[in-house]
Amino acid sequence: MLIRVATREVQVGMYVDAMEGAWIDNPFWRRSFLIKTEAELDRLRSSAIQHVTIDTTKGRGVTVIPEAERRRQVEAPAVIAPLPVERRKRRSGPQPDDLTQTIDRSKEHVIAMFQEARLGRAIDLEAVTPVVDDISVALQRDRAAFVKVTRLKMNNEYTYLHSIAVCALMVDLALHLGLPEAEVREIGAAGLLHDIGKVATPTTILDKAGQLGQDEWLVMRRHPSEGHAMLRKDATASRIALDVCLHHHERLDGSGYPERLKGDQISLHARIAAICDVYDAVTSVRPYKRPWSPHEALARMLEWEGHFDPDLLDAFIVNLGIQPLHALVRLNSNRLGIVLDGSADPYAPLVRTFYHVPDSRFLGIEDVDTTQDPVLRRERGDYWFPDRWPALLADVQAGIQPHEAPLLRAAGGR
Ligand SMILES: [Fe+2]
């Protein structure tokens, strides 16, 4: 029999058939499962899920309280018990401590998972799911803070934090693409596990500050195959996790590794992973290298023809809400300008404006703080200034005032 019960009434031994609410609030991998432990019960009660449906043919039913006891409970003075700390935090909205704790907790799980793999044991893939859920929830609450925290990576924890960041970026892009919930969660798990094969790569190579030598590169390039072999030890490894682990370094033009797959031979999931993996790697702050700013990273990734799926990269940029360096953008004031680095906030870049759309005329160039005049969208330079865009872009970058009238376009946009 299926019975709808409040989450606070759920007990260990009950079989949850379905949960009410957004999947992102769902703290478990599956919608249907048996509550086996107090820890699982706590996880459910601490979530934003208010009601679930239990299946009494598969687990414990609802305890019927004797009438006398029920009356005693109803008549007793109301005592509002303090909520568990975790639940109070969830109700009071995102807090920096909450985020740090989530990332620390996720990191511990990832470290334990990698340790198991290092010892040659099968990875417990069931343990991955709550970590993906934690990461997804933290990301949805405050994406900017999440990305900021995971950018800073010390050598000894780089791979773990990179796994967490790639998981988050992949979930975010998959949600943006409108993929089904179950698939999104598998994609998140795949992101968390994509570099598991690096446990077989010596730390002298992983943490090397300078360029890798030829032999070292050959060792490094084995990690997709090594990881794939590790995941296959667990019969429950999903097709997506296996695919992403093996193919996240493939490139559209066939110049990737390990199988030199081309074009459509590379799955959607592996293409998503390739973008998220590289973006996080090049923007990470590490002790021995200057990270690229998010703007610079996106601009360079757009230039690497044949590396990424261009449509997916566009979707990634739109979803990220960060504009590539030197991209032409329209501000709220209907001015066109190019994105410059130099702002502490990647979501509010410095923009050098030079053109006014409603008046169809050039303006004196000005570097604008977009916290006051936000970026509306990216525009196409070759649409607005067909023949002269490359030269115009170079001039504006160099701070040279444009003076010629452009070929006029309708003020509607791209
Ligand atoms: Fe990798």
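The numbers here are math on the coordinates, done by the rules we state, and not lab data. Note that this is a predicted model, so its numbers are computed, not measured. Counting neighbours? That spans all protein chains shown, and the Cβs are built from the backbone with ideal geometry, glycine included.
Side notes on the structure shown:
- Shape of the range 194-332, Cα gyration tensor, a/c cut at 1.5: oblate
- A P(r) calculated from all alpha carbon pairs of the range 328-398, with 10 Å bins opening at zero, reads 21, 58, 20, 1 percent.
- Cross-link partners of Lys58 among lysines (Cα-Cα below 19 Å; sequence separation of 8 or more within a chain): Lys36
- Dipole magnitude for the range 130-177: about 200 debye, using +1 per Lys or Arg Cβ and -1 per Asp or Glu Cβ, origin at the Cα centre.
- Each principal axis of the Cα atoms in the chain has its own extent, and those three values, largest first, are 89, 58, 38 angstrom.
- Dipole of the chain, positive end: most advanced residue of Ala299, Thr201, Asn156 [Cβ charges, Cα centre]: Asn156
- Per-residue [θ]222 nm for the chain (sum of -39500 (n - 2.57) over DSSP H runs n ≥ 4, rounded to 500): -13000 deg cm²/dmol
- Hydrodynamic radius of the range 94-317 per Kirkwood, over alpha carbon pairs, in Å: 17.5 Å
- Summed residue charge, Cβ within 13 Å of Ala235's Cβ, Lys/Arg positive, Asp/Glu negative: 0
- Net charge dipole size for the range 94-317 [Lys, Arg +1 and Asp, Glu -1 on Cβ; Debye, nearest 20]: 640 debye
- Size of charge dipole - the chain - debye, nearest 20, with Cβ of Lys, Arg +1 and Asp, Glu -1, no other charges: 660 debye
- Considering only Ala327, Thr100, Gly61, the residue lying farthest towards the positive end of the dipole of the chain is Gly61, judged by Cα position with unit charges set on Cβ.
- Global form of the range 276-333, assessed from the alpha-carbon gyration tensor, a/c cut-off 1.5: oblate
- Between the listed residues Ser136, Gly210, Ala122, the Cα displaced farthest toward the positive end of the dipole of the range 117-214, a dipole computed from Cβ unit charges relative to the Cα centre, is found at Gly210.
- Proxy reagent accessibility, fewest Cβ within 10 Å first, across Thr353, Thr56, Thr150: Thr56, Thr353, Thr150
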